[in-house]
Structure formats: C-alpha cells, structure tokens
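Here the structure is laid out as structure tokens; the discussion comes afterwards.
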There are 2 protein chains.
Amino acid sequence: MRRKSFGDMQCPIARSLERVGERWSMLILRDGSLGLTRFDQFQESLGIAPNILTRRLKSLVEAGLIERRRYSERPPRYEYVVTPAGRDFRSVLWAFIAWGNKHFAPEGPSVVIVDSKTGAAADPILVDRVSGRPLAAPDFCSAPGPAASAQTRQRHPAAPQTRRSSSASNPSRP
Amino acid sequence: MRRKSFGDMQCPIARSLERVGERWSMLILRDGSLGLTRFDQFQESLGIAPNILTRRLKSLVEAGLIERRRYSERPPRYEYVVTPAGRDFRSVLWAFIAWGNKHFAPEGPSVVIVDSKTGAAADPILVDRVSGRPLAAPDFCSAPGPAASAQTRQRHPAAPQTRRSSSASNPSRP
C-alpha cells in the first residue's frame, strides 16, 4: 500500500515527521547529537537490525539531517555526521526528554539536561524569545501563519487574528 | 516480525516514542489539542484510513494520552478527549513547529505560536526555567540522571558530573 506522504501537508509538524517520523530516526539523531558517527556505534547503541539502520540513515541523509562522509579510501568506509539542521533538532529531542521524564519515568529521570560546565540540572521550558513569557496554553496557542492554506485556517477556528510582533521578523527561528 | 519495544529502553525520548512514535499519533494529538474530539473530525482533518485511526486512537488511549468518553447512549457514541498528559505534549508539538518552520517551510510559516489575546507571534525557544538561559549547545548538554543505567552513562561519555541545582528539585517538570 502506498503511504500518504506527510511532506505534502502544510503543517510544520507533519513536514518534520516526514523527515524524522519513522521508527528509529529520532533515536539515530539523538545518538548522532551525542557524537556517534560510525555505523557499528549506532548499531550497538540502538540494538537495531543492520538493514533497518541502513535504510534510516539513508533517509536522514536524503532529508539533509545527516551527512555521509568517506573517512577511509581503502577500504572505503563512511561515517555519518549530524548536519546543522540535524543539530537544530536537539530542541525537539530536549522537549521529548522533559515530557518523557515527567510522565514515563516513575523511577526518576535517567537523562537530564545540564549545564556543560557545572553539571547543574536545568529545567527545560519553552518561552517566547523576546518577552520571556512561558509558551503555555491558554496564554498562547497555535494559529495560521502568513502562508496558511484554507485548510490550515479551518483547523484553527478559535485562533486570534495573527499579527506580526517585534519578534516576528523571523518567527520560526528557535 | 516482532518489533523491538522502545518502552523497555531507559531513555525518555524512546519511552515517549513508544507512546506517540507511530505514524499519525502526533498529528492526532495535534488535532486533539486544537479541540477535535469526534472520530469523523479526526478523519476529515487527517485524511486517514478509518481502521488506522481506530488503531492509533486505541493506542493513545492505552498510553493515557487520550480519554475515550461515551457522549451518547442511544446510539452509543464516543468522543476522544486529550488528557492532561496529552495536553502536556504541546511543548513537543510546538518545538516541532519551530523546527519545521525554520527548515521545511520555504514558502514561509503556515502555522505559528501566538499570544491568544493579541495575536502577536511568539518566537519559541527552550530555556532553563530558573536561570532563563537558552538551552543550547555547547552551554548545555544531556547527561545521565539519578536513575541512569550503565548503558545510559556510557552513551554520554563527555557529560559533566551531574549535580542538583536549585532548579533540580523536579528537573523534569517542563
């Protein structure tokens, strides 16, 4: 059966999932962000079948999130390095860490975000970059943006009329 | 083939993906967060096959992220309402919106986060709740938490010794 493409959808969540929504892809980006680059490193860390790892790496390379680099000529050997766009995905991974720790870690957190120098644990929260206000409902909501289609507008019936604020010259930059 | 369970892994990202990592699940939570509750509403919004929607709703109910409520006795009819834990997932969805807008929306953002009252666009960024510092590498990194196994520690070879800060009484609360 041909699967419906999420990439054709206008929603930025769907377009993201088109790139990273396959099982394993986000865990590969997690490990790549932690510095893993070799096929056998990923395989060992994930306990993933080699054929599936090959496919997932290929699709992440096609999505521009991982770069395949030859690091040995004879024999030819490749490593897989997270690109700047893939490194940017860290914000999503860290949001997952916060949510997972809160709801699915009855024994306590096994992974936390810390200050790299001091080791002090951070408490991740999404805020508006300019005002510093926490991005939480009901104070904030998602709403159709400038490029929204009729369907996207329909999906947000209660959204306020969006206007550009001083922070909106590039509203997507995290 | 039996699929490896992500829920058995210790990583909070993997445990989260065990609940929401199936294709469609996050888009269902997106629509539920926007107020959709009826089966046919989800079906129309997503363009998803009914049998797949049934399966995904069932797994989200089992994960405690959506509640199935009878709203009509005769005929028996059910609605699907996002639970508090499911609403909490908004932080991850909004991180996806920011990342997707930045990298996969060449025509401009079609969905943005706005102030519910004024409609002013927000610029989402992950910060430490206490210090307000942006959670970005290399200043911050993920590190083994109190409940980390040997494998989780091994995955973070460069992580600093984690210590509890004033914000760490509940480091997982977003």
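Counting Cβ atoms of other protein chains within 10 Å of each residue's Cβ and taking the mean over peptide B:4-14 gives 6.
Applied to the stretch A:95-106, the Karplus parametrisation 6.51 cos²θ - 1.76 cosθ + 1.60 on θ = phi - 60° returns per-residue 3J(HN,Hα) values of 5, 4, 4, 5, 5, x, 4, 6, 10, 10, 10, x Hz, with x for Gly and Pro. The accessible area of A:CYS141, taken with all protein chains in place and a 1.4 Å probe, comes to roughly 30 Å².
Taking Lys and Arg as +1 and Asp and Glu as -1, the other residues whose beta-carbon sits under 11 Å from that of B:ASP128 total -1. Counting heavy atoms of the protein chains alone, B:ARG90 has an accessible area of about 50 Å² for a 1.4 Å probe. Computed from the C-beta positions of A:ARG23 and B:GLN161 and an R0 of 25 Å, the FRET efficiency is 0.15 to the nearest 0.05. Taking 10 °C and 1.306 mPa s as conditions, the stretch B:12-88 diffuses translationally at an estimated 127 µm²/s according to Stokes-Einstein applied to its Kirkwood radius (Cα pairs). A straight Cα-to-Cα reach below 18 Å connects A:LYS102 with the aspartates and glutamates A:ASP123, B:ASP8, B:GLU18, B:GLU62, B:ASP88, B:ASP128, residues fewer than 8 places away in its own chain not being considered. Among A:HIS156, B:HIS103, the order of accessible area from largest down is B:HIS103, A:HIS156, computed with a 1.4 Å probe on protein heavy atoms.
Is there a quick way to get the dipole size of chain B? I mean about its Cα centre, with the Cβ of Lys and Arg at +1 and of Asp and Glu at -1; what is the value in debye to the nearest 20?
For this selection, approximately 620 debye.
Each copy carries B:VAL81; placing its label point 7 Å along the C-beta direction from Cα gives inter-copy distances of 5.3 nm, listed from smallest up.
If you take every residue apart from A:SER33 with its C-beta less than 13 Å away from the C-beta of A:SER33, what net charge results, scoring Lys and Arg +1 and Asp and Glu -1? Value of the local net charge: +2.
The values are calculated or read from the model by the stated rules, or taken from the named source; none is laboratory data. What you see is a predicted model; the values in this text were computed from it and never measured. Note that we place each Cβ from the backbone using ideal geometry, even for glycine, and neighbour counts take in every protein chain shown. In case anyone asks, the SASA skips ligands and DNA or RNA and just uses the protein heavy atoms, side chains included. Shrake-Rupley method; radii C 1.70, N 1.55, O 1.52, S 1.80 Å.
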